[in-house]
Amino acid sequence: MEWIMIITAIIEAIQECQENRDRDDIEAGLNNPGPRERWAIRRILIQEKGLRGKKLWRKVDEGMNELRALDSEDIQRVMASVPMPEGQ
């Protein structure tokens, strides 16, 4: 899957996540993805691609593998592209 095609949705999801988590926590999650990141990828794939069932499950796994493959510099570039929440 072309993950670059849904990068806007990923950045929007990070922006929404900033309402409940601080940026350091989000960045730590991206560096060491767990259940929250898996659910975020799942939500994005359902919303953006309309995936369901086994295809969704496979693409979520693919997304987690792509996320794990990013190095810390890649993660920092992603976080730099996410606007700071208002008031900070």
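Where a number appears in this text, it was derived from the coordinates with a stated rule and is not lab data. None of the values given here were measured: they were computed from a predicted structure. Positions of Cβ are generated from backbone atoms using ideal geometry, with glycine treated the same way; all protein chains shown enter the neighbour counts.
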- Query: From the residues in region 16-51 that are among the polar types (S, T, N, Q) and surrounded by 13 or more Cβ atoms within 10 Å (Cβ to Cβ), which one is farthest from Met79 (Cα to Cα)?
  - Reply: Gln47
- Note on the structure: Restricted to region 52-71 and to residues being aliphatic (A, V, I, L, M) and assigned to a helix (DSSP H, G or I), the residue surrounded by the most Cβ atoms within 10 Å (Cβ to Cβ) is Leu67
- Sort through Ile46, Ile6, Ile41 and tell me the only one that's over 20 Å from Pro85 (Cα atoms) and more than 10 Å from the chain's Cα centre (by Cα). Ile46
- Item | Any pair with Cβ under 7 angstrom, 6 or more apart, that starts in region 72-84 at a residue that is assigned to a helix (DSSP H, G or I) and ends at one that is among the polar types (S, T, N, Q) | Ser72/Asn31; Ile75/Asn31
- Task: Output the residues belonging to region 26-71 that are touching a residue at least 24 places away in the same chain (Cβ under 8 Å) and of a type in the set (D, E, K, R).
- Result: Glu27, Glu37, Arg38, Arg43, Glu48, Lys49, Lys59, Glu62, Glu66, Arg68
- Query: Restricting attention to region 9-38, which residues are basic (Lys, Arg) and within 10 Å of the chain's Cα centre (by Cα)?
  - Reply: Arg36, Arg38
